Amino acid sequence: MAHIHLEDGSFSLFWVMAWWIVALCIIGIALFFLRSKYKPDPQKITIAAFVTAAAFAIFQVQIPIAGGVHLNLTPLIGILTGPVIGTLVIFIVNIFSAAIGHGGWGLIGANVLVNFAEVLVAWFVFRGMKQITTDLFSQAGVATFAGLFAGNLMMMVIILTSGIQGVHQTTDQILAGLSLLAAVNMGIAAIEAVLTGFMVAYIGKVKPGILEGDRK
């Protein structure tokens, strides 16, 4: 989906450091909440481990469309674990992905921000949808699509702000290319929304306790 598939050196050192600093601040806030305000139960930790493994695996499965896209599962991470644990999950997933060449090490900070937007928005919309409908499929589907839309916007903002070294295109040309990529991504997002809707609906039937209570 909106994962920035660029090699190290694509962004200037200034922007690499800038996105890393912002990402580390968000990770620091998540760790603060985990240590002082929010004590996850063992079940939540088990779920976090499961979605970390699942997201890392799905990140590596390329769909041969527009040069290669993939599902994310980041909205599912937000729905099941919340933005606090979800932040740490996506950080780990991005480190593992960079280790096998799926994006550069320097872009981990930027990619954490993209995925954090997906996790946070999906979590927020999923909670809000409970006021509109009790259908878990609809709640998760809308939350997933909204989260991935937010991730695409974040991806576009980061690339347009940073620029790509060695690419001699105007801002309008880069924006046009990113808009086309985002359109393809949102087509895949619709598929992921349906799949996530089915998964959450199934979880709600067999393990409703996972979806109950405050998902922080």
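A short reminder: the numbers here are calculations on the coordinates, not readings from a lab. Remember, it's a predicted structure, so these values are computed and weren't measured experimentally. Please note: Cβ atoms are built from the backbone with ideal geometry, for glycine as well, and neighbour counts cover all protein chains shown.
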Let me have the 222 nm mean residue ellipticity of the chain computed from DSSP H runs of 4+ only, each contributing -39500 (n - 2.57), with the sum over all residues rounded to the nearest 500. -25000 deg cm²/dmol
Modelling each spin label as a point 7 Å along the Cα-to-Cβ direction, I'd like the K130/L31 distance in nm, to one decimal. 3.0 nm
Just order 188-199, 107-118, 48-59 by mean Cβ neighbour count inside 10 Å, highest at the front, would you? 107-118, 188-199, 48-59
With the Cα gyration tensor of region 1-153 in hand, give its eigenvalues times 5 under a square root as the equivalent ellipsoid semi-axes, listed largest first in whole angstrom. 25, 19, 14
GNM result for the chain, Cα springs below 10 Å: residue of T74, T171, T87 fluctuating most strongly: T171
Quick one: compute the contact order of the chain, relative version, from alpha carbon pairs under 8 angstrom and 6+ residues apart, as a percent. 28 percent
Write down, largest first, the equivalent ellipsoid semi-axes of region 119-216 in whole Å, where each equals the square root of 5 times an eigenvalue of the alpha-carbon gyration tensor. 34, 13, 10
